[in-house]
Amino acid sequence: MPYLVRVLIALVLGSLMTTSCLYAENVSPAISVGTQELGLSAGYLIPHLLKGKKSKTEQSGLVFMPSWMMTLTDPIGDSWYRGQISFGAEMAYIQFQEPVLTHGVGFTPKIKYTFVALDRIRPYAEFAGGPFWTDLGGKIPEQSSQFNFILSGGFGVSYFLNNQVALNAGYRFQHISNAHTSRANVGLNSSLPFIGFSFYF
């Protein structure tokens, strides 16, 4: 866990160092259709054992999530729900540290709805899902195959330092399973708090 703290601190400090000017006044970022977003987030998996399920493995570990997205719409709506839709892709790398040291990597399409009513403080909701490979499969009773799928959904908030840089923090619920492509398919569920930063251009 101390390693994760060092990584997250480095992410935050790195984003601050690359910001040429931090505005003291309110900033209302101008994110238009076609704006691209490069992001990097990191978090830590916390096992989430659902009641009534047969899953007993408490998997945990570091997660790194580089992503690319493009804004598809101008702001939609006229009230608190006024926001923009973005679509892109994300890579998820997980280093499972419990129950055994293993790894996993996935590539997922991703969609995000960002609320824009609060100027530079922008809450968002997101969903991602796609194929996932891990050598954890076959080493725990819940999963018998290395090929799986990963689904995640959650919410977060972006704080824009200026028009090009934002700090992000949020939470995801994450599910990994093989979609019945092999016999053992109980699935693994986890909570994923994360922080990171994004560059817009």
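Condition test on Gly34, is it assigned to a loop (DSSP other than H, G, I, E, B), modelled with pLDDT of 90 or more and either aliphatic (A, V, I, L, M) or touching a Ser or Thr at 6+ places or on another chain (Cβ under 7 Å) (or both)? The answer is yes for Gly34.
Listed by first and then second residue, the pairs linking a residue in the range 120-139 that is within 17 Å of Gly170 (Cα to Cα) and touching a residue at least 24 places away in the same chain (Cβ under 8 Å) to a residue that is outside any strand (DSSP E or B) and among the β-branched types (Val, Ile, Thr), with Cβ atoms under 7 Å apart and 6 or more places separating them unless they lie on different chains, are Arg120/Val27; Arg122/Val116.
For every residue, the table says whether it meets (1) over 21 Å from Val105 (Cβ atoms); (2) at pLDDT 90 or above.
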| residue | (1), (2) |
| --- | --- |
| Gln146 | no, no |
| Ser152 | no, yes |
| Tyr159 | yes, yes |
| Asn162 | yes, yes |
| His175 | no, yes |
| Ser182 | no, no |
| Asn185 | no, no |
| Ser191 | no, yes |
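Within the range 176-183, none of the residues are in a strand (DSSP E or B), basic (Lys, Arg) and either over 23 Å from Ser32 (Cα atoms) or touching a Ser or Thr at 6+ places or on another chain (Cβ under 7 Å) (or both). Tallying residues that are exposed (fewer than 15 other Cβ atoms within 10 Å of the Cβ) and under 17 Å from the mean Cα position of the chain (by Cα) within the range 106-130 yields 2. Taking the criterion of being crowded, with 20+ Cβ neighbours inside 10 Å and in contact (Cβ under 8 Å) with a residue 40 or more places away in the chain, the residues of the range 173-188 that qualify are Gln174, Ile176, Asn178, Leu188.
The values are calculated or read from the model by the stated rules, or taken from the named source; none is laboratory data. The shown structure was predicted, so the numbers you read here are calculated from the model rather than taken from an experiment. Don't worry about glycine lacking a Cβ; one is built from the backbone with ideal geometry, like all the others, and counts go over all protein chains shown.
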